[in-house]
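Some notes on the structure that comes next.
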């Protein structure tokens, strides 16, 4: 392999190895201005968009992973890589696609899990991580709150009974 190709493959390998996710899209027909706008929006989500040659990406992915993604490694391919909240990236991509009608999602991978285009679109509907954590805390906290309410009600009932007995004894005396 020529030195410039080795450098390109090395750059792709660095991007893929340092990433938690790899999302692939077909950017055929996209204007440079649209591509740049998408790249800037993705940068806000701590991810990067890069045009790659399918054969170079196949070399980087290795034999097993390349075979799994072989069906999507066709046509013009752009890859989105990064770390952090993949749902935020999926939301940016799907919103951009709704507005501009391109690029076309192909699939990808999240750590070792393979993703289809439908999986990426489904991730865009998941609430942000902070909301999910809030829902989890609320779910865990609800039974404890209800238990405290029941215990307070029992103690209050006991106090009302004792107060009633005390009043009855005062009135009888």
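Can you match semi-axes √(5λ) of the Cα gyration tensor in Å to one of these, [x] 39, 18, 15; [y] 60, 17, 13; [z] 23, 18, 18, based on a calculation from the structure here? Here the calculated entry is [y]. When all alpha carbon pairs of the stretch 127-173 are counted in 5 Å bins from zero, the resulting P(r) reads 4, 19, 11, 12, 10, 8, 9, 6, 6, 5, 4, 3, 1, 0 %. Between the Cα long axis of helix 3-17 and the first principal axis of the chain there is an angle of about 10°, rounded to the nearest 10. With the highest mean first, a sort of the peptides 43-49, 149-155, 103-109 on other beta-carbon atoms found within 10 angstrom per residue produces 103-109, 43-49, 149-155. When 77, 125, 116 are arranged by Cβ crowding within 10 Å, least crowded first, meaning fewest neighbours, the order is 125, 116, 77. For helix 32-44, what angle does its Cα long axis make with the longest principal axis of the chain, in degrees from 0 to 90 and rounded to 10? For helix 32-44, the angle is close to 40 degrees.
The residue 98 and residue 10 beta-carbon pair, evaluated with R₀ = 35 Å, returns a calculated FRET efficiency of approximately 0.50. Legend: ranking of residues 52, 59, 148 from fewest to most surrounding C-beta atoms inside 10 Å; resulting order 148, 59, 52. Dividing the mean sequence gap of close Cα pairs (under 8 Å, 6+ apart) by how many residues the chain holds gives a relative contact order of 26 percent. Using R₀ = 22 Å, calculate the FRET efficiency as 1/(1 + (r/R₀)^6) where r is the Cβ-Cβ separation of residue 71 and residue 136; round to 0.05. Once rounded, the FRET efficiency stands at 0.05.
Computed from Cα atoms, the angle from the helix 129-172 axis to the main principal axis of the chain rounds to 0 degrees.
No value in this document is a laboratory result; all are computed from the given coordinates. Everything numeric here is computed off the predicted structure, so don't read it as measured data. So basically every Cβ, Gly included, is an ideal-geometry build from the backbone, and we count neighbours across all protein chains shown.
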